Amino acid sequence: MGRKDLPLPPPPARLARWLPSVPWPLVALWLLLVAVFGLAWLVFRDGAPEGAAADPRFATLLAWLPLVFVVLFAGFYLLARRAARRNQVGIDRLAAGDLDGAAALFRELARGRAFAVAGHFNLGLTLLRMADARGALAAFAAVERGRRRRGKGPLAAATAGNLALCNALLGQLDAADAWAREARARLARPGHASRLHLVAESIALVRRGQDEAAARRLAESWGEIELTTSGDLTRGLRLVRAYVVERAGGTAGEVEALLAGARPFRSGEYGWLYGAWKELEVWAAVKGFAAA
């Protein structure tokens, strides 16, 4: 499967699907340049007189040009700084557990221009924690569509890994496999880039009934997963690993050691795992991690 064939959910059905969003800052810049050159043409349309450089109109035009560009640059800079601050506030809310507040801020950023890609990515992380795997999938798909270059790098790999994980949780296993392969291809070198594609591969294996292969995959990659995944998601993934280990014939002690790392927990904390994975939800309820 080539990169152009990677599975993505369809874009939202709205007017912007047919009319692309307008980059208003660029429009403003072009209008300003047109106005400046139009003014210059009006000033000199009758031909530049001798000693044009000394003409007061020419001097005035030259004097105003730097100021116009400084004001324009300052405007772009302030908008970018405001977006960066809003993004950080959203990240702080996410870390504090205010998921609704974080989602609202990231949606606002996703509608803008300066931090649209970051807004969509962080919105995906937030929606996943809110047990909206399908909404998270759509947000990460928007990140993928919004990236200008499809090369390797931490964000590219993380996006592919999250797309793989969301598809695996939703039971879309072929799509999960495709995005997991793409995430591997995007990892240019070892580092702290996301390894969620390894989790997605394991989930796809266990949901196909290949329990021992899933347990082996998680055992081999668990150190990488823990190193590159946030603590709250890792706690939920310990639940997944315990489920896989038990299905693969692991001992009660092995299973309980993994479950201990997922306690204590808030009510609904692991709901993001269960949306379309009822087998895991039933098992988690038996273990006391979900409502029966």
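Throughout, read-outs are computed from the coordinates displayed, never taken from laboratory work. As the structure is a computational prediction, the values presented were derived from the model and not from experiment. Cβ coordinates were reconstructed from backbone atoms using ideal geometry, including for glycine residues, and neighbour counts include every protein chain displayed.
What the table shows:
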item	result
Neighbourhood charge, 13 Å Cβ-Cβ cut-off, centred on ALA276 and excluding it, Lys, Arg +1 and Asp, Glu -1	0
Label-point separation, ASP232 to ASP98 (7 Å along Cα→Cβ), nm	1.3
Separation in nanometres of the label points that stand 7 Å from Cα toward Cβ, at ARG81 and LEU173	5.3
Gained length - GLU212 relative to ALA252, 0.36 nm times residue gap less alpha-carbon distance	12.8 nm
Estimated FRET transfer efficiency (ALA260, ARG107; beta-carbon r; R0 41 Å; 0.05)	0.65
Simple spin-label estimate for ARG145 and ALA219 in nanometres, 7 Å along Cα-Cβ	4.3
Label-zone membership for region 121-140, site GLN88, 7 angstrom Cα→C-beta point, backbone N under 15 Å	none
Shape of region 149-292, Cα gyration tensor, a/c cut at 1.5	prolate
Residue-wise HN-Hα coupling along region 126-143, computed from phi with Karplus coefficients 6.51, -1.76, 1.60 (Hz; x: Gly, Pro)	5, 5, 4, 5, 8, 6, 10, 5, 5, x, 5, 4, 5, 5, 5, 5, 5, 4
